[in-house]
Structure formats: C-alpha cells, structure tokens
1. Please find, in a Gaussian network model of the chain (springs between Cα atoms separated by less than 10 Å), the residue of Val101, Val15, Val130 whose mean-square fluctuation is greatest.
2. For a Förster distance of 35 Å, can you work out the FRET efficiency between the beta-carbons of Asn321 and Glu208, rounded to the nearest 0.05?
3. Would you calculate the separation in nanometres between label points at Glu10 and Asn247, each defined as 7 Å from the Cα along the Cα-to-beta-carbon direction?
4. Mind listing which trypsin sites (Lys or Arg not before Pro) in the stretch 305-336 are in a DSSP loop and have 12 or fewer other Cβ atoms within 10 Å?
5. Using only Cα atoms, tell me the angle between helix 255-267 and the longest principal axis of the chain; keep it within 0 to 90° and round to the nearest 10.
6. Going by C-beta contacts inside 10 Å, put Thr347, Thr60 in order with the fewest on the left.
7. According to a simple spin-label model (label point 7 Å from Cα along Cα-to-Cβ), what is the distance in nm between Lys17 and His37?
8. Zone of Arg222 (label point 7 Å along Cα→Cβ, backbone N under 19 Å): which residues in the stretch 301-335?
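Nothing in this text is a laboratory measurement; each read-out follows from the coordinates by a stated rule. Just so it is clear, the structure is predicted and the values come from calculations on it, not from any experiment. Glycine also receives a Cβ, built like all others from the backbone with ideal geometry; neighbour counts cover every protein chain displayed.
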Amino acid sequence: MLSAPSQLLERNIDVFKDDGWLIINPADAYFTDQLSHLSVDVLHQYYDIYAESARVIPYTILDSRDILNTSTGIFSQQKINKHHHYFAPFLTLPQHYNNIVIYLPKAKAHYSMLIKMAASLVNGSGSIYVVGENKGGIKSAGKLLNSVGEVEKVDSARHCSLLRCEITHQQPSFDINQWLSYFDININGQAATIASLPGVFSHEALDEGTQLLLEKLPSNLRGNILDFACGAGIIGCILKRQFPHLNISYLDVSALALYSTAHTLAESELTGTVMAANGLHGVDEQFNNIVTNPPFHTGIKTDYSVTKRFIADAARLLPRNGSLHMVANRFLPYPGLLGEVFSHVQTLAQTSRFSVYRAVKE
Ligand SMILES: C[S@@+](CC[C@H](N)C(=O)[O-])C[C@H]1O[C@@H](n2cnc3c(N)ncnc32)[C@H](O)[C@@H]1O
C-alpha cells in the first residue's frame, strides 16, 4: 500500500518530469514503481523497504572490517530496469542528481544529517524535496532545510506536506564520520566506547533496559550468538569483551545502526559478522543463543508485530536447549507471546519499567 507521504508525491507526480532523481528512505516499495520511465537512484537506510524494492534479497551478510573500509557507503545494491536501489548508511557517488526527495525521518539529528548529505549530492541548480506527515513534524521541517536554500511549500494533503528547497548552499562533500558520536559505558566490569550515528537507538547514551539485560545475562552462553536488533552493537560488544570465546553476529534493519556497530567493535579492537535483515525474515543461519532488546516501534505508531514474528522465527532458528534472552518494557505482553512458542519461559529480573525474560526451546 502507498504510504501517506507517497500518496502526496503521487498527487504531485508532475514534479517528476526529468531523469536524475535520488529518493532517500521511501516509506514504501511502491511509489518508485510510478517512476519506472525515469532513471532514479534510491538510497535505503532501512533493509525492509530495500529488500521489498530490490525484490530478491532476504538478508545480507557483511564483515565489520569491510564496513569500516567502505568509501562509497554501499552495503548492497540492485539494479531494476531504470532504477538503482542502494542499501547504505550514506552515499558519496561522483555524480550529482538534478533533484532529491527525502522522506522525513523521525529524529531531528537524522534529518539534519540527511539534509547535509543531500546538499552534497544535488546539482547546484537542483532542488531538495522533503515529504512527511504532520505528526512526524513536517510542519517545522522547513526551518532546518532553510540552512541549504530557499524553502517553499508545494502541497499539503493526507495529513502530510511536501516542501521544496532550491539549493543556494551546495555542500562540497559529505563525511559520515563527522556525524559519529562516541560515549563510554561500563557494565559488569567491562568499559567500552560506543560509536553511534543520528537515527540510531539510544544515540549518545546507554538505554536502561539494555543495561539491565547485560547485568542479568548468564555467564554460560556458548557457541554462535545473535545480537538481534543490535543498534550501535552495545550488547554484543560487551558480551564479546566478557566472553571472548563467543562467536557473535550483529543484526539490524538499519544501515546507520550497522555502520555504528562496526565502529563500536573497532573501538574495542573487535570484529564481527554484521547482518542486514528485516527481523529474521529469510535468515537461515543457526544460533545457539539470541540476545535482544527488540524493537517495538515501527514508524510513528507503536507496533509489536515485528517482535511477535521475531519470537516465532527465533524458535525456528534455535536448536534444542537454545535460549532467547530479551529485555522489554514490563507492560508489553511478551511473556504470553514467548509462552506460545517456547516451552520454558522465565522472568530473570524486573524493575518498575523493564523485565528480562529467558525462553528456552526444549
Ligand atoms: C530497542 S533498539 C535496541 C538497540 C540495541 N540493541 C540497544 O540495546 O541499544 C531496537 C533496534 O531494532 C532495530 N529494528 C527495528 N525494526 C527492525 C526489524 N524489522 N528488523 C531488525 N531490526 C529492527 C532498530 O533499528 C533498533 O536498532
């Protein structure tokens, strides 16, 4: 289904007359189908829409060292007719685009970063469009956009607005590393420096739930471990520092998260396998244990569906006696969901806000 911002773009389809478009983070995989006659590049920072748009890629495995060495920013790409889909935290391609559309992200710092990236990729005479929902903050989105040019409102409908910015301050280049911030944590006697980009969960601070999970994890985890929904890679990094024999993989839907994870590992002189995926959809690797502070927000609405499907998929991937350790807001209905697919579910710890669960497959 076309998302509301895409419906607004569809209403303004006359804007898309010429070639040379870059679309950043479309909220659905369908709007670009309407531009099949034009040459369009699409930057996806989220794997779910990328995999749906690129049609063939259930998940992508990367080495954290390759992520550090990328100069173009591209983790995975797929050409479909006149469209080039990139899954990447950033793009630094030699060509410039005539026009760029940004779907407004949730976090303001993420939006600032995308504006600067877009202003380095657009032609001097080009425009940057921003489309987003009223409840996502589009009404105040013009202020930040003003930093690179003259802003006008093109249209409003479907509780969304479309803004256009004629570039007056083209940026010479974009360096993602200038947007990385670092913070120090100390858990279970392990000090570590965490690297994090705008748009990544708990940007610049450790989450209370993540801390509780790490404090309650048992010391007898063995074999292949999956840090599911790894964010900046905090859980896996601390585990690997505590128990160097563990073989840890890091999975997230967000290229910004995976890029941050690679840098977090490098800060601790560690490396790891990094997986881009939408939940565990299509994943067929085997893991002995899964640890997670899972997502429960997608977009602006609260949504448990990713976690619900993740729990069922986790049970499919774990061997007999394999375990899932998970922290969640204590008011979320997860014990019931875990109990539907795992034979043994235990609450390891509870605070006024969070619960840590251990579920074992027998
Ligand atoms: C609550 S955060 C936890 C991050 C990190 N583990 C921590 O504890 O700081 C949840 C993470 O889930 C990721 N996420 C959201 N939807 C996802 C999906 N469909 N598949 C995989 N990861 C997803 C988000 O990008 C985010 O990094």
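1. Val15
2. 0.70
3. 4.7
4. Answer in residue order: Arg320.
5. With both axes taken from Cα atoms, the answer is about 50 degrees.
6. If I rank by nearby Cβ atoms, fewest first, I get Thr347, Thr60.
7. In this crude label model, His37 to Lys17 measures out at 1.3 nm.
8. From the stretch 301-335, the list is 317-325.
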